[in-house]
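Reviewing the structure listed below.
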Amino acid sequence: MSFFHASHDWFIIPREWQVAQGDIPSLRLLAAMAERAPAVFTGTAVSSLENLIRQVVANSTTPNNGSTVVEALMQVLVQAAIATQQTSSNANPTTNNNSGSLLSSWGGKPVEIIDPSSPAAALGRACLPLLLERLDSSSNNNRKSMLAILQQWTQAATYCPSFLAGDKATLEAVVYVCLAVANTNNAVADDEEVTTALAALEVLSSLCSVGDVKRKILAVDPVLCQRILAGIPEQRQEGVIAITANWMEQGVDDDVEAWASEPATLLEDDAWDGDDVARYAESLFQSFLRSMVTPALAGALPMVENLLQQTFQDWRRTRAGLCLMEACIVAAPVSFAPHVPIAMEAALRLASPEQPIRVQWQALHMLGIMCETDSVVGKEETVRQRYGPRILQVLSRAILSPGPKVSALGSLAIVSYCRGGANSAKTSTNGDAHPVVQYLSDMLQALVTGPLSLDVCDRGTAVVKVRAIGAVACLAEAAEEAFAPFYSSIMPGLLACAQVPNPNQNHEITQLIGAAIEAATIVGQAIESDETVRAQYVKDAVQIMQYIVSALQQTGEATTNMPLDQLLSACARIASVLEGEFAPFVNVVLPQLLQRACAPPDVSISVSIFFRLPFW
Amino acid sequence: MTITTDLLDALLSPDATRRGEAERYFQNVLVLDRVAGLVSLIQQQNNTNAQQQTVLSLAAVLLRRDILRLADVQALQSIVDPLLESFLQTANNDVADQKTRTAMGHCLAEICGTVALLSPSPSDKEQVMARILNAISNAVGC
């Protein structure tokens with residue numbers, strides 16, 4: 001007798017073909033069919049799955065491959081649940097968050113709706129408890145299966161959350177399994193255990209970020225919410241906040257000295273220096289904060305306070321505290337706003353050169369983020385307005401740091417200060433001069449005597465200088481005509497950088513030349529209202545244009561090592577100041593501009609396989 | 001032009017020249033003939049030693065790729081039974097066997113998916129899946 005209720009029961013299975021129950025390849029085939037032909041599978045096989053699971057579980061006598069069977073069954077269930085979701089989405093495109101054509105109704109988009117009456121929810125309710133009872137991640141083999149199951153759950157949480165969260169009991173069961181797996185002893189965990197623990201957190205993170213889970217379950221069930229965040233004390237299990245914080249605290253890097261002397265890079269740096277576990281834990285922490293803002297903040301802030309109290313005893317703890325705080329600012333800027341004064345005091349204190357260099361770097365990074373966010377901290381007073389002098393004082397010291405990474409980050413933080421907030425650098429709230437103007441002299445002095453005075457002897461130095469030149473450009477943009485008195489002390493250095501020889505087409509040197517040209521022309525625009533300084537600039541601009549013209553004529557678009565857009569933008573800025581005096585260069589610049597305008601867009605459109613089918 | 005065990009051996013050869021010749025030969029066989037040849041080869045293997053398992057695995061992987069290229073519903077339907085037979089007959093439950101059979105299972109699933117996409121007839125789609133479900137019914141649990 002056939003198990004499945006198919007309408008064509010004419011295929012007779014010879015006795016010698018009959019393989020053992022719980023046959024893994026057959027279960028994988030079942031899952032693959034659900035994935036490849038979801039609509040047909042939904043109509044043919046889904047109604048039989050509950051009985052199938054029951055029979056396999058009942059007949060299983062804990063064989064050696066028991067965990068693999070459970071994993072394969074889970075794969076079947078998850079793929080079947082996704083198939084039902086996909087089929088229902090295609091049949092009723094307006095009843096879920098996907099809409100439009102048949103294809104766009106299921107484009108692999110995350111699903112935000114939980115439907116307790118859906119087939120997926122029914123599958124989860126009926127079958128998940130049966131399989132959860134048989135989960136055991138103690139042995140190595142079982143751990144591999146556990147990891148595969150968790151990866152399946154993440155897929156389900158994203159594309160068919162009703163399967164895991166169709167009702168409170170099912171969701172609770174899943175949460176408890178994930179918390180148990182995530183509570184690995186960090187100190188003795190091997191790579192596989194760590195990966196499995198992070199996979200468990202990923203499931204929770206994916207589930208908690210589903211719209212309906214947030215709105216309809218977590219918002220009305222503070223106990224469950226608290227258990228996810230703070231753990232289950234009676235079972236000595238920590239919650240996701242403490243677990244992710246622990247991973248961040250243990251971020252590897254014992255060689256602080258070597259890190260400090262490493263060259264700065266043009267790529268975006270982060271705190272973890274290649275520690276993917278800590279980096280992933282930070283992103284998960286942010287995800288939980290976004291999903292459960294208020295309770296997550298309430299759980300995270302005492303932890304931050306505790307970590308920061310340990311200053312000087314273990315720099316890792318202090319860094320973790322700063323990272324957690326930065327994640328709070330990024331993930332929940334509005335809710336975190338009342339805590340900004342405390343965070344700012346901590347960042348200003350820890351960004352001093354007396355702190356361990358990793359702590360200093362992290363505090364500077366946080367200062368930059370806080371300047372960009374520029375939260376309101378008082379009566380119509382923003383972070384930059386209230387703390388401006390102290391921030392700039394700290395940054396002035398940071399850019400003088402002998403550590404290239406700290407110096408480069410200090411310059412980047414100046415850029416964040418100048419450009420942060422809803423209002424751009426050029427406009428203050430009441431039309432007054434930008435707050436940076438009153439500290440301009442000190443800032444430029446620090447830049448000129450610090451990073452801008454370095455000889456470009458290697459790539460790392462070039463990057464420090466690129467960052468410093470970027471800071472100069474932003475200061476000029478913010479200060480406008482107030483920058484004029486400093487023109488003569490800044491422009492010669494920029495012109496020298498713009499003409500640094502680069503016979504080997506070194507990428508960092510190319511970036512340095514580009515940054516210098518860009519900054520010089522931004523400075524030119526800033527001071528154009530001062531007639532005396534403008535006259536000096538006109539001469540310098542001609543010199544820059546000669547260099548640009550030479551670059552444009554020499555290389556052309558196809559082979560130039562300098563970004564053409566950067567050169568053309570510089571030309572535009574110079575033209576806006578020189579006006580009629582720019583005429584001699586038009587013959588060279590205009591063809592390049594026209595060529596650029598006529599170039600095909602740098603995008604391509606590929607047609608999905610579905611559109612090549614005969615009936616489309 | 002036929003698909004043989006020797007050809008698949010050559011496709012796996014570490015000798016680049018031999019492998020290149022085999023690839024050129026394989027590419028010159030029509031997709032329909034390649035599918036028939038690979039299915040026939042899979043049927044001939046008994047999955048009892050490592051060499052045969054390697055050939056079976058490669059044949060299954062190549063077949064899956066060609067199934068995706070085949071837009072002929074009848075041809076696809078015609079290879080379901082022989083593939084099912086091999087899928088179930090070769091079972092001996094060791095790890096290598098499971099990997100080989102999983103690769104064969106992917107071929108069957110791919111046929112289901114392709115027929116579901118290509119065939120305008122609902123009964124065609126259901127028949128293919130029903131045949132597979134019935135055949136593996138015992139293997140999956142009852």
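Extension gain for residue A:191 to residue A:236 (0.36 nm times residue separation, less C-alpha to C-alpha distance): 13.9 nm.
Using the basic label-point model (7 angstrom from Cα toward the beta carbon), what is the residue A:505 to residue A:258 distance in nanometres? Here the modelled spin labels are 3.3 nm apart.
Provide, as a two-decimal number, the C-alpha radius of gyration of segment A:221-374 over 2.2 N^0.38 Å, N being how many residues it has.
Numbers: Rg = 15.3 Å, N = 154, 2.2 N^0.38 = 14.9 Å.
Compactness ratio reported: 1.03.
If R₀ is 51 angstrom, what is the calculated FRET efficiency for the pair residue B:13 and residue A:109, using the beta carbon separation as r and rounding to 0.05?
0.70
The mean sequence distance of close C-alpha pairs (under 8 Å, at least 6 residues apart), as a share of the length of segment B:1-115, puts its relative contact order at 26 percent.
Computed from the C-beta positions of residue A:445 and residue A:267 and an R0 of 30 Å, the FRET efficiency is 0.55 to the nearest 0.05. Note on residue A:314 and residue A:335: with the Förster distance fixed at 30 Å, the Cβ-Cβ geometry gives a FRET efficiency of about 0.55.
Entry for segment A:472-597 at q = 0.15, 0.18, 0.23 Å⁻¹: log10 I(q)/I(0) = -0.66, -0.93, -1.40, Debye formula applied to identical alpha-carbon scatterers, no solvent contribution.
Within 10 Å of each candidate Cβ there may be at most 12 other Cβ atoms; applying that plus a DSSP loop requirement, which GluC sites (Glu not before Pro) in segment A:307-383 survive?
Answer by residue number: A:354, A:380.
Magnitude of the charge dipole for segment A:202-352, about its Cα centre and with charges confined to Cβ atoms of Lys, Arg (+1) and Asp, Glu (-1), is about 940 debye. For residue A:231, the residues whose modelled amide H falls within less than 5 Å of its own, excluding neighbours fewer than 5 places apart on the same chain, are A:239, A:240.
Put simply, the convex hull of the Cα atoms in segment A:303-355 casts, on average, a shadow of 3.4 nm². Relative to the dominant Cα principal axis of chain B, helix B:31-44 is inclined by about 90°. Note on residue B:27 and residue A:173: the model spin-label points, each 7 Å out from Cα along the C-beta direction, lie 5.3 nm apart.
Every number in this text was worked out from the coordinates using simple rules, so none of it is lab data. Only a predicted model underlies this, so the values are computations on that prediction, with no experimental measurement involved. Positions of Cβ are generated from backbone atoms using ideal geometry, with glycine treated the same way; all protein chains shown enter the neighbour counts.
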